[in-house]
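Single-structure report; data block below.
The values are calculated or read from the model by the stated rules, or taken from the named source; none is laboratory data. Quick caveat: nothing in here was measured; it's all calculated off a predicted structure. Positions of Cβ are generated from backbone atoms using ideal geometry, with glycine treated the same way; all protein chains shown enter the neighbour counts. For the accessible areas, the whole protein counts, side chains as well, though only heavy atoms, and no ligand, DNA or RNA atoms are used. Shrake-Rupley method; radii C 1.70, N 1.55, O 1.52, S 1.80 Å.
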Amino acid sequence: MTAKNIKDYLNKGVRRLRHRKGFGVHSPFAFSIITDVIEERSAYYAYSEMYRIYGAKTPISFKVACLLLRLANRFRARQILEVSCDGGYSVLPILLTDSRNAMVTVADQQQQTDTLNILSNHKQLIGQLSFCESLSSVSDDYKADMIIVSSLPSGFTQQELAQWVFSHTHETSLIFVKGIQPKRPLVDFWDSFCDNESVEITMDLYDYGLAIRRPRFYKQHYVVSF
């Protein structure tokens, strides 16, 4: 185990002690998201289909894939946008959540091929998925219920990407961000969302960030054990 892995393990251990089960959270809405979605332990029907796909070498773990499914289910996300495709690993749990879900993923040709391979045993889901080869191919009018940001696309600064993503949200959108810790790829992007007054709720899940737009809520930021 490397020094970084040891440090991450210890930091996450401290979080489990200080920030589990919604301790110290006074907002009923935020408390429910933490206890009923992020820390949910009940099995969903799709978990068994997903389990064999995720492992130590996949872009996201089985645990994170299950969280994406639960988030899409809780927020009833029907229009989902993935910025910088991870080869289908984030696509699968979203599409398995509900047959009404429609997903747009920004992917190059290789990522498109990889995504279709992931879906090869679930061909019925392919009709719910659309590919765009660049951010500029996404319509300016497109507003997503849920946006997943996996990495920084070439040609964009983190602040420019934050503006682009925000322009494709509506008043109740959910944004899921990978890599938010210092020295990680999207830390400045994440900070931009934490500072944005139109993003009312932000949750730091250590490696991942969750930003929730909810008008008429006071601005809130939480550190959550995950």
Quiz item: Can you pull out the residues in segment 36-82 that are acidic (Asp, Glu) and open to solvent by 10 Å² or more (accessible area, probe 1.4 Å)?
Solution: Asp36, Glu39, Glu40, Glu49
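Residue-wise test of (1) within 17 Å of the chain's Cα centre (by Cα); (2) not in a loop (DSSP other than H, G, I, E, B).
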| site | (1), (2) |
| --- | --- |
| Leu125 | no, yes |
| His170 | yes, yes |
| Ile175 | yes, yes |
| Phe193 | yes, yes |
| Glu197 | no, no |
| Phe226 | yes, no |
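For segment 141-162, give me each residue that is open to solvent by 70 Å² or more (accessible area, probe 1.4 Å) and touching a residue at least 24 places away in the same chain (Cβ under 8 Å).
Passing the criteria: Lys143, Gln159.
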Exercise. Assess whether Val138 counts as being open to solvent by less than 20 Å² (accessible area, probe 1.4 Å), without any contact (Cβ under 8 Å) to a residue 60 or more places away in the chain and farther than 30 Å from Gln109 by Cβ.
Key: no
Self-check item: Residue in segment 120-136 that is modelled with the highest pLDDT, counting only those that are under 21 Å from Asp98 (Cβ atoms) and of a type in the set (Ser, Thr, Tyr)
Solution: Ser130
Quiz item: Name the residues in segment 149-206 that are in contact with a Phe, Trp or Tyr (Cβ under 8 Å, 6 or more places away or on another chain) and aromatic (Phe, Trp, Tyr), would you?
Solution: Phe156, Trp164, Phe166, Phe176, Phe193, Tyr206
Quiz item: When only residues in segment 208-217 that are at negative phi, surrounded by fewer than 20 Cβ atoms within 10 Å (Cβ to Cβ) and without any contact (Cβ under 8 Å) to a residue 60 or more places away in the chain count, which is farthest from the chain's Cα centre (by Cα)?
Solution: Pro215
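Could you check segment 174-185 and list, in sequence order, the residues that are over 14 Å from Glu82 (Cβ atoms) and either free of Cβ contacts under 8 Å to residues at least 24 places away in the same chain or open to solvent by less than 40 Å² (accessible area, probe 1.4 Å) (or both)? Full working, then the answer.
The initial filter retains those residues of segment 174-185 that are over 14 Å from Glu82 (Cβ atoms), namely 179-185.
Within segment 174-185, Gly179, Ile180, Gln181, Pro182, Lys183, Arg184 qualify.
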